[in-house]
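The values are calculated or read from the model by the stated rules, or taken from the named source; none is laboratory data. All values derive from a computational prediction rather than experimental measurement. Here the Cβ positions follow ideal geometry from the backbone for every residue, glycine too, while neighbour counts run over all protein chains shown. Each accessible area value is taken on the protein alone, full model and side chains, heavy atoms only, with ligands, DNA and RNA left out. Shrake-Rupley method; radii C 1.70, N 1.55, O 1.52, S 1.80 Å.
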Amino acid sequence: MADRPDGPQDDFPHAVGRPARGALRQAGYTQLAQLTEVTPQEVLALHGVGPRAIAVLREALAARGRSFNGE
């Protein structure tokens, strides 16, 4: 997916669904590390992002020794 020339690249886990990935990109987030600057509630407020996506992103951040802002 990341190598397609017609779409922006990101490093979000594959388990983040397409609607959530699109919402994140539209909001300007393309790197997992950027999510350390926002709270999970702010990300959850994006249309297309649900609790499952938050859980996947939280797990991916934790695997890199990081977390959402405020956690």
(message) Between a residue in segment 1-21 that is surrounded by 15 or more Cβ atoms within 10 Å (Cβ to Cβ) and any residue that is part of a loop (DSSP other than H, G, I, E, B) and at pLDDT below 55, which pairs come within a Cβ distance under 7 Å, given they are 6 or more apart or on different chains?
(response) Asp10/Ala2
(request) Could you please find all residues in segment 61-71 being open to solvent by less than 30 Å² (accessible area, probe 1.4 Å) and assigned to a helix (DSSP H, G or I)? (result) Leu61
(message) Restricting to segment 22-32, give me the number of residues that are open to solvent by 40 Å² or more (accessible area, probe 1.4 Å) and in a helix (DSSP H, G or I).
(response) 2
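Do the conditions hold for Arg58, that is, is it part of a helix (DSSP H, G or I), more than 18 Å from Asp10 (Cα to Cα), among the basic types (Lys, Arg) and open to solvent by 20 Å² or more (accessible area, probe 1.4 Å)? Spell out how you get there, then give the answer.
Numbers: part of a helix (DSSP H, G or I): yes; more than 18 Å from Asp10 (Cα to Cα): no; among the basic types (Lys, Arg): yes; open to solvent by 20 Å² or more (accessible area, probe 1.4 Å): yes.
The answer is no for Arg58.
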(request) Mind listing just one residue for me: the one in segment 33-49 that is assigned to a loop (DSSP other than H, G, I, E, B) and surrounded by 14 or more Cβ atoms within 10 Å (Cβ to Cβ) and, of those, nearest to the chain's Cα centre (by Cα)? (result) Val49
